[in-house]
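Trainee: Below you will find the structure I want to go over with you.
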Amino acid sequence: MLINGWDISNANAKQWNVTPGFHEVKNDSEWGRGSPLPVFFKNEIEFKPLEVRILVKKAGGRQAILRRCSEILSHLLEPAELILDNFDNAFYGILTKHSHEEKAMEHWHILTLEFDGYEYAKEETIKSYSGSADFTVVNAGNILTPVIIEITPQIGAASMDLSGLCRDRNTGADLPVTIRNLKTGNTVILDGETGLFTENGALKAADIDIWEMPALLPGENRILVSNSRMDITVRFHPRFM
């Protein structure tokens, strides 16, 4: 098991048991007094819980055991990427609770960690080269997935529109993105994970009309480009309920 790339075996510990959960949901639907029908709203996704039980080797006395547990916890003071043994996907989240059992097993001390976060697969990259006015991106995840779009003009343009990546949260209607003042060879990045919009590393928000963060629906997503003289790269980590 890795915590932000750090192997817990460095603390004489190993992953023992993992209990994954599913994303919690929140809903504001209501049935108003006197109304013949309720008002339903879509569910909103909240955190995905995860419990990991770690075995810490009993060696060197009680103080040494506690020091090993302390070393593991010290790597979890900030949000962390967890690479779990025997799991295909990764988990990113924050430690919310921890506990330990000093006399649980003959040779091992048990450290229990509880997290809130989200699950994601390895990054996928789709490229559409100059000359294409539309292309399809398949999201293998089963929930809305943030996406990073890199746009490199092969010729300068006053503006371009991009459809199929942003949508109204309530109606699902497409919300086209307009990018202005595109310069030949200057890469514009719309980062749906961080919310940053840049051109060659500098902020470019003033030249972009965008109403929601770029994201992919589960399954096929058709992307439309008003100017085909653009090289476009789409990068994303499929996410799961």
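Trainee: Hey, among Ser29, Ser35, Ser70, which residue is more than 29 Å from His98 (Cα to Cα), within 30 Å of the chain's Cα centre (by Cα) and among the hydroxyl-bearing types (Ser, Thr, Tyr)? Steps first, please.
Mentor: Working: Ser35 fails: within 30 Å of the chain's Cα centre (by Cα); Ser70 fails: more than 29 Å from His98 (Cα to Cα).
Selected residue: Ser29, the only one of Ser29, Ser35, Ser70 that is more than 29 Å from His98 (Cα to Cα), within 30 Å of the chain's Cα centre (by Cα) and among the hydroxyl-bearing types (Ser, Thr, Tyr).
Trainee: Can you give me the number of residues within the stretch 27-52 that are among the basic types (Lys, Arg) and over 15 Å from Leu144 (Cβ atoms)?
Mentor: Filtering the stretch 27-52 for residues among the basic types (Lys, Arg) gives 33, 42, 48.
Pick out the ones that are also over 15 Å from Leu144 (Cβ atoms) and you get 33.
Matching residues across the stretch 27-52 total 1.
Trainee: Just name the residue that is modelled with the highest pLDDT out of those in the stretch 180-206 that are over 24 Å from the mean Cα position of the chain (by Cα) and among the small types (Gly, Ala, Ser).
Mentor: Kept after step one, since they are over 24 Å from the mean Cα position of the chain (by Cα), are these residues of the stretch 180-206: 180-186, 206.
Remaining after also requiring among the small types (Gly, Ala, Ser): 185, 206.
Details: Gly185: 94, Ala206: 90.
Result: Gly185.
Trainee: Need pairs with beta-carbon distance below 7 Å; first residue on the phi > 0 side of the Ramachandran plot and within the stretch 145-173, second not polar (S, T, N, Q); sequence gap 6+ or separate chains.
Mentor: Cβ pairs passing all conditions: Gly164/Asp174; Gly164/Arg222; Gly164/Ile223; Gly164/Leu224.
Trainee: Right, next: Hey, among the residues in the stretch 90-118 that are assigned to a strand (DSSP E or B) and small (Gly, Ala, Ser), which one's farthest from the chain's Cα centre (by Cα)?
Mentor: Ser99
Trainee: Does the stretch 109-122 contain at least one residue that is at negative phi, at pLDDT 95 or above and exposed (fewer than 14 other Cβ atoms within 10 Å of the Cβ)?
Mentor: Among the residues of the stretch 109-122, at least one is at negative phi, at pLDDT 95 or above and exposed (fewer than 14 other Cβ atoms within 10 Å of the Cβ), which makes the answer yes.
Trainee: Return the residue satisfying two criteria in turn: it lies in the stretch 90-108 and is within 30 Å of Gly164 (Cα to Cα) and of a type in the set (Gly, Ala, Ser), and of such residues it is surrounded by the fewest Cβ atoms within 10 Å (Cβ to Cβ). Talk me through it step by step, then tell me what you get.
Mentor: Within the stretch 90-108, the subset within 30 Å of Gly164 (Cα to Cα) is 90-93.
Filter once more, keeping what is of a type in the set (Gly, Ala, Ser): 90, 93.
Values: Ala90: 17, Gly93: 20.
The residue in question is Ala90.
Trainee: Then there is this: Tell me, yes or no, whether the stretch 71-78 has at least one residue that is surrounded by 10 or more Cβ atoms within 10 Å (Cβ to Cβ), assigned to a strand (DSSP E or B) and touching a residue at least 40 places away in the same chain (Cβ under 8 Å).
Mentor: Within the stretch 71-78 (the criterion being surrounded by 10 or more Cβ atoms within 10 Å (Cβ to Cβ), assigned to a strand (DSSP E or B) and touching a residue at least 40 places away in the same chain (Cβ under 8 Å)), the answer is no, since none of the residues qualifies.
Trainee: Same structure again: Looking at the structure I just gave you, is Glu46 touching a His at 6+ places or on another chain (Cβ under 7 Å), free of Cβ contacts under 8 Å to residues at least 24 places away in the same chain and either under 16 Å from Leu113 (Cα atoms) or assigned by TED's automatic domain parsing to the domain that holds Thr19 (or both)? Show your work before the answer.
Mentor: Values: touching a His at 6+ places or on another chain (Cβ under 7 Å): yes; free of Cβ contacts under 8 Å to residues at least 24 places away in the same chain: yes; either under 16 Å from Leu113 (Cα atoms) or assigned by TED's automatic domain parsing to the domain that holds Thr19 (or both): yes.
So Glu46 passes the test.
The values are calculated or read from the model by the stated rules, or taken from the named source; none is laboratory data. Computed from a predicted model, the values in this text were never measured in an experiment. Heads up, the Cβs are rebuilt from the backbone with ideal geometry, glycines too, and the neighbour counts pull from every protein chain shown.
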